[in-house]
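In what follows, a single structure is set out as structure tokens and then discussed.
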Amino acid sequence: MSRRETIKEKSSWLKNFFAHRQHPIMILSYTTKYMWLLAIPLAKYLIAAKFNFQSWFQAHWVDILTITFIFSYAFLRWIFVYYELEEDCIIAHTGYFGITRTKVYFAEISSLSLSQGYISRLIHSCAVYIDTDAKSLQNADIMLTLTKKRAFELYHFATAKCKNKPKYVYNSKKSLLVIFSLIFSSTLSGMIIVLSVLYEAYRIVGREAEEQILRRVNTEIAKVPVLAEVPEYILIAGGVLAGGWLISFLSNLMRHWNFSCTRCADLFIIRSGIGTRRRHVLYRDRVNYIDLRQSLLMKICKITSVSAHCTGYGKRRLEISALIPITTNGQVDRSLKMLMPKIPPVKSDISTGKADLGRFITIPLICTFIPIVSGRGALYFFPNWKREITILVILTTIPLLWLVIVKAAAFTTSIGFENGYCTLSYCKWYSFHKSIAALDRVSMVTVMQNPFQKISHTCAVRVYTNSESTDYHTVKGLNYDKVIKLLNRNGYAV
């Protein structure tokens, strides 16, 4: 073998070696966060010593050797973590020094997801998640951070069957996405971010600066007569809630901007996002169920959001498993016929009616009196706190009254079976759901009766669907005899 051929062979081996490793940024990810507590002071000392490396090393050799060890360990982890592609599967060597070997057959994949944030796009990296129905709750079956080129090679490999096949595309309207973000914004997640920022700011500016800021805020509030009468802690809580909701709203909007869902062959190809760009490949026969969801306002306005429950999709932080983020009821019907043509028209074999209204609102109605009675009791012991207790009672009573109104609109629950699918309509807390699942994705059906239901001869049906965790749908207030006959007729012995 000539010298040129030897060099070429070594170059080819080296290229193949790095091609199946993760992006080099993972070397930093494998280092401990405490390393920076050593690295930053060391850099300061080096600058202060005017880059006199000899004296710098003599003074800080222990810290320097510690950082060297941490980087060496991280580099070794990066070397040993790699993946292999075979004709019918992908094999990932992960864990400490690649001792964990995960083999996933392409035929068993439920979803493949790609995610790129702002920083990832700058350094040309991409997070890849591969999930199956293997019941891994916390993590994906395979999770790798690859170069953008290698990640999209996997993506194109997974979608190769769509080449030269007809495609049916749903594109979400941006105006409706704004409504979607308004409705589904989570105040709690936003509050966590706001409180984290406030805590970090406190650590930076210190107690004295915090007191100056509070005095300034109180001065401005005092200029507004209406706000001046509101207790300070309520204003603070309201500010945190409003700030949390705003952050959640903006993140939801950015997450689903440019949303599109494409049906091609046996796949769903979903794209969305501005800041963090996401691509998902879902295998349609692995979708456990679809869920048509409405709030009371959405129900009144005749708009619906549709999500697809598929292992891995919507599993990670700041993700929602949207199939159709939000649109009108008529558009939902048309879009579902295009995206999931096998799903039959909604049919109800058993449903509730106006006569069952009392059973749905009795318990929520009783619960509305709890804060009122509790408030009266608190006033007896703390008469000087009348204003604060009154505000607290009002704040806790309003959501309970709203629940009564929602339940009053939820008496038309139903269950139906048709052409290998079951349709379940029910209300869960403040949301209306219409879940449609193929019978081969239903794992169990149970019928429950409490003492009051036995008297009224009604029951609750709980339908369990395939899922990484225990996932079920409960339809309440149905006639017991009709339910038993329906389930026996469809092969469910109860």
Where a residue in the stretch 75-95 is touching a residue at least 60 places away in the same chain (Cβ under 8 Å) and its partner, wherever it lies, is acidic (Asp, Glu) and assigned to a helix (DSSP H, G or I), with Cβ under 8 Å and at least six apart: none
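Residue check: is ARG263 at pLDDT below 85 and within 30 Å of ALA107 (Cα to Cα)?
No: the conditions fail for ARG263.
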If you scan the stretch 44-64, which residues turn out to be of a type in the set (A, V, I, L, M), part of a helix (DSSP H, G or I) and surrounded by 11 or more Cβ atoms within 10 Å (Cβ to Cβ)? LEU46, ALA59, ILE64
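To keep it simple, each residue is scored yes or no on (1) touching a strand residue (DSSP E or B) at 6+ places or on another chain (Cβ under 7 Å); (2) hydrophobic (A, V, I, L, M, F, W, C); (3) over 28 Å from ALA308 (Cα atoms); (4) without any contact (Cβ under 8 Å) to a residue 40 or more places away in the chain.
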residue	(1), (2), (3), (4)
SER435	yes, no, no, no
LEU439	yes, yes, no, no
ASN450	no, no, yes, yes
ARG462	yes, no, no, yes
TYR472	yes, no, no, yes
ASP481	no, no, yes, yes
LEU486	yes, yes, no, no
TYR492	yes, no, no, no
Right, LYS407: among the basic types (Lys, Arg) and open to solvent by 50 Å² or more (accessible area, probe 1.4 Å) or not? no
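Check whether at least one residue in the stretch 424-443 is among the aromatic types (Phe, Trp, Tyr), open to solvent by 40 Å² or more (accessible area, probe 1.4 Å) and assigned to a helix (DSSP H, G or I), and report yes or no. Quick ask: steps written out before the conclusion?
Of the stretch 424-443, the ones among the aromatic types (Phe, Trp, Tyr) are 426, 429-430, 432.
Going one step further and asking which of them are open to solvent by 40 Å² or more (accessible area, probe 1.4 Å), we end up with 429-430.
With assigned to a helix (DSSP H, G or I) added as a condition, the list becomes none.
No, every residue in the stretch 424-443 fails to be among the aromatic types (Phe, Trp, Tyr), open to solvent by 40 Å² or more (accessible area, probe 1.4 Å) and assigned to a helix (DSSP H, G or I).
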Inside the stretch 401-416, can you point out the residues that are under 15 Å from SER435 (Cβ atoms) and not in a loop (DSSP other than H, G, I, E, B)? SER414, ILE415, GLY416
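So that you can scan it fast, the table gives a plain yes or no per residue for (1) at pLDDT below 65; (2) charged (D, E, K, R); (3) under 24 Å from the mean Cα position of the chain (by Cα); (4) not in a strand (DSSP E or B):
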{"residue": "ARG216", "(1), (2), (3), (4)": "yes, yes, no, yes"}
{"residue": "GLU220", "(1), (2), (3), (4)": "yes, yes, no, yes"}
{"residue": "TYR233", "(1), (2), (3), (4)": "yes, no, no, yes"}
{"residue": "GLY239", "(1), (2), (3), (4)": "no, no, no, yes"}
{"residue": "SER248", "(1), (2), (3), (4)": "no, no, yes, yes"}
{"residue": "LEU253", "(1), (2), (3), (4)": "no, no, yes, yes"}
{"residue": "ARG271", "(1), (2), (3), (4)": "no, yes, yes, no"}
{"residue": "ARG278", "(1), (2), (3), (4)": "no, yes, yes, no"}
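Does TYR118 fit the bill of being open to solvent by less than 20 Å² (accessible area, probe 1.4 Å), aromatic (Phe, Trp, Tyr) and touching a residue at least 60 places away in the same chain (Cβ under 8 Å)? Let's see the steps before the verdict.
Details: open to solvent by less than 20 Å² (accessible area, probe 1.4 Å): no; aromatic (Phe, Trp, Tyr): yes; touching a residue at least 60 places away in the same chain (Cβ under 8 Å): yes.
It is false that TYR118 is open to solvent by less than 20 Å² (accessible area, probe 1.4 Å), aromatic (Phe, Trp, Tyr) and touching a residue at least 60 places away in the same chain (Cβ under 8 Å).
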Are there any pairs with C-beta distances below 7 angstrom linking a residue in the stretch 392-417 that is under 30 Å from TYR492 (Cβ atoms) to a residue that is of a type in the set (Asp, Glu), with the two at least 6 apart or on different chains, and if so which? PHE411/ASP356; ILE415/ASP349; GLY416/ASP349; PHE417/ASP349
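Taking the stretch 376-401 only, how many residues are open to solvent by less than 40 Å² (accessible area, probe 1.4 Å) and under 37 Å from the mean Cα position of the chain (by Cα)?
Step one: list which residues in the stretch 376-401 are open to solvent by less than 40 Å² (accessible area, probe 1.4 Å), which gives 377-378, 389, 393, 397.
From what's left, under 37 Å from the mean Cα position of the chain (by Cα): 389, 393, 397.
The number of residues fulfilling the criteria is 3.
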Residue satisfying condition, being in contact with a Phe, Trp or Tyr (Cβ under 7 Å, 6 or more places away or on another chain), under 24 Å from VAL461 (Cα atoms) and not small (Gly, Ala, Ser), within set THR362, THR352: THR352
I'm trying to understand the selection: among the residues of the stretch 121-175, which are in a helix (DSSP H, G or I), in contact with a Cys (Cβ under 7 Å, 6 or more places away or on another chain) and surrounded by fewer than 20 Cβ atoms within 10 Å (Cβ to Cβ)? LYS148, CYS162
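The values are calculated or read from the model by the stated rules, or taken from the named source; none is laboratory data. Bear in mind the structure is a predicted one, so any value in this text is a computation, not a measurement. Ideal geometry is used to build each Cβ from the backbone, glycine not excepted, and the neighbour counts take in all protein chains shown. In case anyone asks, the SASA skips ligands and DNA or RNA and just uses the protein heavy atoms, side chains included. Shrake-Rupley method; radii C 1.70, N 1.55, O 1.52, S 1.80 Å.
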